[in-house]
Structures are given as structure tokens and as C-alpha cells.
Amino acid sequence: MAWLALLIAALVAVPILSVGANLLRGGGGDTWRHLADTVLPSYIGNTLILCVAVACGAILIGVATAWLVSAHTFPGCAIFEWALVLPLAVPAYVMAYTYTDLLQFVGPVQTWLREAMGWQGGQYWFPDVRSVGGAALMFVCVLYPYVYLLARAAFLERASGILEVGSSLGLGPWRSFWRLSLPLARPAIATGAALALMETLADYGTVSYFGVPTFTTGIYRAWFALGDRVAAAQLAAALLGCVALVLFVEHASRGRARFNNTSGRKRALSGRRLRGGAALAACLTCLLG
């Protein structure tokens, strides 16, 4: 099995080694200067916007839905518990095509609005889905399950005993979540957000279709349009550096803290039953998620 592990590790390392090999070849200065003078600032800006928006959106939706289905019971909870994973099966670029057809000027949504309100083109404002914000929304919709899965597992396995202690100390559900469960689940949430960011940084189809210049489209353009592998390797190395920085900052922020389940066995949270408006709000939150 050792040779198989080495073979898999070698295959995984090939892309990184090829980036390093192209960097060592030298050259690419003219292309790099051209990119720096023209489109590199937009690559950096759009990539940062996407990363921040996707991380915040995935954490917000993933943590909220994970806490609802793991710590509460409401109508449809058992269905939502697994249905919330399904967006991972939809590629982001497929969702981008779908929402573009739905929301573009000649699509069914805007056509219905014009017919219902009697508006003409130019008489109303409608958000452009083919934008940085639209791309971020597509990524959030398909990548939040990374955070959801890991946060749900953390809530189920690590926080049950602590919540019992919180209840005995008189902490309400919200304070128990905010002060006890959420800090314990932080490593899992950070890992899920990091996975979502990796997918965002590696995506080409969605940002290319939306016309959003990012590091990924820049690498493709430098390699295939400009024919400069060295410049493409330089952009790829910068992208790898960004990923490494994100992981380092998350690891350093934890310091010496350790988050372990010391109960010796896994215990599920006893679900708090929601009724009436609270149950409806929980269902709508999971449905929209």
C-alpha cells in the first residue's frame, strides 16, 4: 500500500511541480508587465471580492441550516437534513447558465415583470446576474454544503454535553449556541469555508461565462491566448500563495486551542421542537438554503 500512496501523492504533486518548473525557466517579463499594467488589478480585486462574499455567504447559510436541523425538530426536518447536501451535485456553471436564462432581459422573470407592470425597457432597474455579485451568489448556492456538512457533524458530536451544561446554568438556546456551540464548531466551519474557497478559486466556467476577470481566467488567458507559460505559472503561483495565506491565518488564529470531544462517545443533540411561526421560519430558511 505504501507504493500506492506514493503514486497518488506524486500524481497530486504534478501540477504544483509543473508550476514551479515553469517559474524556474525564467522569462515572461513582458507578458507579466502587460498584465500588471492592464488587467492584474481587476484580477486581484474580483478574486478578493469573490472570496470574501463566498466565505461569508457559505458560513451564514451553512451554519444556520446546520444548527436548525441538528438542534431542532420541525416539519420536514428529516428531509431537509439530507436535501441541503444536494446543491453539491450541481456544477456552478450549470447554475450560472440556468439563472442567466431566467433573469436576463428576455427571460421569463423580466418579461413577466414588464407585462404585469406595463414597463418598457429602460424604465426599471433589475440586477445584472452576469456580474461579480452574481458569480458570488452562484458559488454560495452550490458550495455552502461544505460548511453545512462539517458544521452539522460538529454540532451533533461535540456540543451536546456542553449544551446540557449551558442549560443547567440557565443559558437560553440563543446564548448556548453563540457562547458554547459555535466556538466548538469553529474548526469545522473554517475547514468547510476553506473548501468552498478552494472551489471558488479553481473555477473557470462560471467566471468566464459571466465575464468576470479573476486569477483563473488570467491563467487561462496568459497560457492559451498569449502563449506564455511562464506568466501563467507566475499567476498560478500567486494564487497558490493566496490559498496558503488563508490556511495559515486560520491556523494561527486558533493558536494553542484544541477542540475535542472528551465524552468518549458520540451523542446527538436532543432536538428542540419548533411550532407555529418558528417552525415555518425554519422551513423557509432551509428551503431557501
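A few notes on this one:
- For V230: the one exception among (1) within 21 Å of L40 (Cα to Cα); (2) within 18 Å of the chain's Cα centre (by Cα): (2)
- Residue, farthest from T200 (Cα to Cα), within the stretch 98-151, restricted to residues that are charged (D, E, K, R) and over 25 Å from the mean Cα position of the chain (by Cα): E115
- The set of residues in the stretch 64-79 being out of contact with any Asp or Glu (no Cβ under 6 Å at 6 or more places or on another chain), touching a residue at least 12 places away in the same chain (Cβ under 8 Å) and among the β-branched types (V, I, T) consists of T65, T73.
- Of all residues in the stretch 275-286, those satisfying the criterion of being surrounded by fewer than 12 Cβ atoms within 10 Å (Cβ to Cβ) and either on the phi < 0 side of the Ramachandran plot or among the hydroxyl-bearing types (S, T, Y) (or both) are R275, G277, L284.
- When each of W32, W67 is tested for being modelled with pLDDT under 85, out of contact with any Leu (no Cβ under 7 Å at 6 or more places or on another chain), buried (at least 16 other Cβ atoms within 10 Å of the Cβ) and in a helix (DSSP H, G or I), the lone residue that passes is W32.
- Qualifying residue in the stretch 80-92 (condition: in a loop (DSSP other than H, G, I, E, B), in contact (Cβ under 8 Å) with a residue 24 or more places away in the chain and either aromatic (F, W, Y) or within 26 Å of R275 (Cα to Cα) (or both)): yes
- Checking every residue in the stretch 202-225 against the condition of being farther than 21 Å from G45 by Cβ and surrounded by fewer than 24 Cβ atoms within 10 Å (Cβ to Cβ) gives at least one match.
- Boolean, L149 is touching a residue at least 40 places away in the same chain (Cβ under 8 Å) and surrounded by 14 or more Cβ atoms within 10 Å (Cβ to Cβ): yes
- Test result for A58, buried (at least 18 other Cβ atoms within 10 Å of the Cβ) and farther than 30 Å from A278 by Cα: no
The values are calculated or read from the model by the stated rules, or taken from the named source; none is laboratory data. Here the structure is a predicted model, which means the values were calculated and not measured. Don't worry about glycine lacking a Cβ; one is built from the backbone with ideal geometry, like all the others, and counts go over all protein chains shown.
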